[in-house]
Amino acid sequence: MRTLPLSQADRSAMLGTIGAASVDALFTDVPTDALQSGPIPGLPFHASERAVERHMAALSARALTADQVPFFLGAGAYRHHVPASVDHLIQRGEFLTAYTPYQPEIAQGTLQVLFEFQTQVARLFGCEVANASLYDGSTACWEGIAMAGRITRRRRAILSGGLNPHYAQTCATMARFTGDDLVVLAPRAEAESDDADVIAAIDATVSCVVVQYPDLFGRIPDLAAIAEAAHAAGALLIAVVTEPVALGLLESPGALGADIVVGEGQSIGVGLQFGGPYLGLFATREKFVRQMPGRLCGETVDAEGRRGFVLTLSTREQHIRREKATSNICTNSGLCALAFSIHMTLLGGVGLGRMAQASHARAVTTARRLSAIPGVEVINRVWFNEFAVRLPRPAAEVVDALAERGVLGGVPLSRLCPDRADLGDVLLVATSECTLEDDIAALASALEEVLA
């Protein structure tokens, strides 16, 4: 592919058009202490390809990965077994190179895959309609708040203290530019979820309440009660699902009264991958479909009566004028959505239920083993595959000590809530069907040693 670099005259003309004196002037909104002046310290100007490969391989070898050691990390990204067939199929040329179906009539395979994906998400979440994915779970959460504002014509949202702080921070970043008022309740490490606090905060000015299910601490909020309170005030309930495998055992949010269900699809078909890419899931009631962000693929018939697929709704800036778009997030995660759909197809409803049962059983066994260690308190009363424990020492220190012993023992809550000193002794522990009895024994043994 040829490159056509700009000349200095081209750059000057472009800067003149937008009224900027120089390229540096384009970065005036970036804090000066965040700008890099000069070369990056310690980074060589050039190196051979082989030297770079060896250096990167050495760095990679220092990492502890989920497949190498006992692994109990969660907090929004979960380790599950992904069959080899998923990776094999998504790397087929017709899938790997497919992009946005701007010309639906010649992208029937891509559209059919997205249609099947939507069907699976809608059934999983207990809703009537789902879109063709969004960027990730946190941005999907914000899109739900924005959609609720369009529907209710209100601009105030209540965010449960059980919502992952990273999701709340993403929403706060977006709300800075839209003028939405977000009331973020404080997370509390208690046995029960903060349903009462959420319900007490609802009034006639609220557009929606956002509740994670299961929540940050692994607790199971009463969505039906929150939905009833929200609807009585003319507000909507947004349920956030960061661990969709849980719905193999738990009642779907839509069946419990949620109006919009969003979430992260990483658990199904997508590996941890050191943080991404992942995919956002989004579903809602049919009556709200025209306010839904993203794209919606539909099934139809052509002029000769043959089955076909179309972009029924395309409310993204890439397809329509900006002022008509319901979202300015233009990226869906088509390849990750395909991986989700393939894995879900292989599992089926029975397989998903078995995966969920195994994940929960491992969590029960792990909680029982940890609670027997002096000084360790399991906070939750109920959980799916993740629960919180209180330790006699700062959780971050304990996690580092466990890692030195070859165990990735969980996520310290201080990593998610660094400004909350009162949560510094709380550790989030997650399991899955991949967790072995030997892994649980290794965690318990290492934790006993660290706390001795």
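The values are calculated or read from the model by the stated rules, or taken from the named source; none is laboratory data. Just so you know, these numbers come straight off a predicted model, no measurement behind them. Glycine gets a Cβ as well: all are built from the backbone with ideal geometry, and neighbour counts include every protein chain shown. Heads up: the accessible areas ignore ligands, DNA and RNA and are worked out on the full protein's heavy atoms, side chains in. Shrake-Rupley method; radii C 1.70, N 1.55, O 1.52, S 1.80 Å.
For LEU313, the amide hydrogen comes within under 5 Å of the amide hydrogens of LEU296, counting only partners 5 or more places away or on other chains and with H modelled in the peptide plane.
Give me the percent relative contact order of region 78-142, please, defined on Cα pairs under 8 angstrom at least 6 residues apart. Could you put the intermediate results ahead of the total?
Details: 23 pairs, mean separation 10.6, N = 65.
The value is 16 percent.
Positive end of the charge dipole of region 84-234 (Lys, Arg +1 and Asp, Glu -1 on Cβ, about the Cα centre): tell me which of SER193, PRO104, SER133 has its Cα farthest that way. Toward the positive end, the furthest listed residue is PRO104.
Ranked by the mean number of other Cβ atoms within 10 Å of their residues, highest first, the peptides 385-392, 25-32, 432-439, 410-417 come out as 385-392, 410-417, 432-439, 25-32.
The modelled label-to-label distance between VAL301 and ASP197, using points 7 Å beyond Cα along the C-beta direction, is 5.6 nm.
Once the dipole of region 1-96 is set up with Lys and Arg at +1 and Asp and Glu at -1 on Cβ about the Cα centre, which of LEU26, SER12, PHE45 lies farthest towards its positive end? The residue sitting most towards the positive pole is PHE45.
For region 97-211, a simple Cβ point-charge model (Lys and Arg +1, Asp and Glu -1, everything else neutral) yields a dipole of about 380 debye relative to the Cα centre. Look at (1) 0.96; (2) 1.90; (3) 1.06: the one that is Cα Rg over 2.2 N^0.38 Å derived from this structure is (3). Largest accessible area first, the residues HIS80, HIS360, HIS46, HIS55 order themselves as HIS46, HIS55, HIS360, HIS80 under a 1.4 Å probe with ligands, DNA and RNA left out.
Only Lys, Arg, Asp and Glu count, each charged at its Cβ (+1, +1, -1, -1), so figure out the dipole size of the chain about its Cα centre, rounded to 20 debye.
On the way: 36 positive and 49 negative charges, 190 e Å.
The dipole of the chain has a size of about 920 debye.
Karplus-derived 3J(HN,Hα) values for region 19-27, using 6.51 cos²θ - 1.76 cosθ + 1.60 with θ = phi - 60°, are x, 9, 6, 7, 5, 4, 5, 6, 10 Hz; glycine and proline are entered as x.
Between ALA361 and VAL23, how high is the FRET efficiency from 1/(1 + (r/R0)^6) when r is the Cβ-Cβ distance and R₀ = 51 Å? Nearest 0.05. Display every interim value, and only then the final one.
Numbers: r = 58 Å, r/R0 = 1.14.
Efficiency for this residue pair is about 0.30.
With K and R counted +1 and D and E -1, the other residues having a Cβ less than 13 Å from that of SER333 yield a net charge of -1. Normalised by the number of residues in region 185-317, the mean separation of alpha-carbon contacts (under 8 Å, six or more apart) gives a relative contact order of 16 percent.
Rounding to the nearest 20 debye, state how big the charge dipole of region 43-104 is about its Cα centre with +1 on each Lys and Arg Cβ and -1 on each Asp and Glu Cβ.
Details: 5 positive and 5 negative charges, 35 e Å.
In total the dipole reaches around 160 debye.
Under 8 Å for C-alpha pairs, at least 6 residues apart: give me the relative contact order for the chain, rounded to a whole percent.
Details: 870 pairs, mean separation 90.1, N = 452.
Relative CO of the chain lands at 20 percent.
Selection among PHE274, ILE440, VAL206 by position relative to the dipole of the chain gives VAL206 as farthest towards the positive end (Cβ unit charges, Cα centre).
Add -39500 (n - 2.57) for each DSSP H run of 4 or more in the chain, then divide by its residues: what number comes out at 222 nm, to the nearest 500 deg cm²/dmol? Before the final figure, lay out the partial values.
Working: 13 runs with 166 residues, N = 452.
The per-residue figure over the chain is -11500 deg cm²/dmol.
Note on ARG415 and VAL30: the model spin-label points, each 7 Å out from Cα along the C-beta direction, lie 2.8 nm apart.
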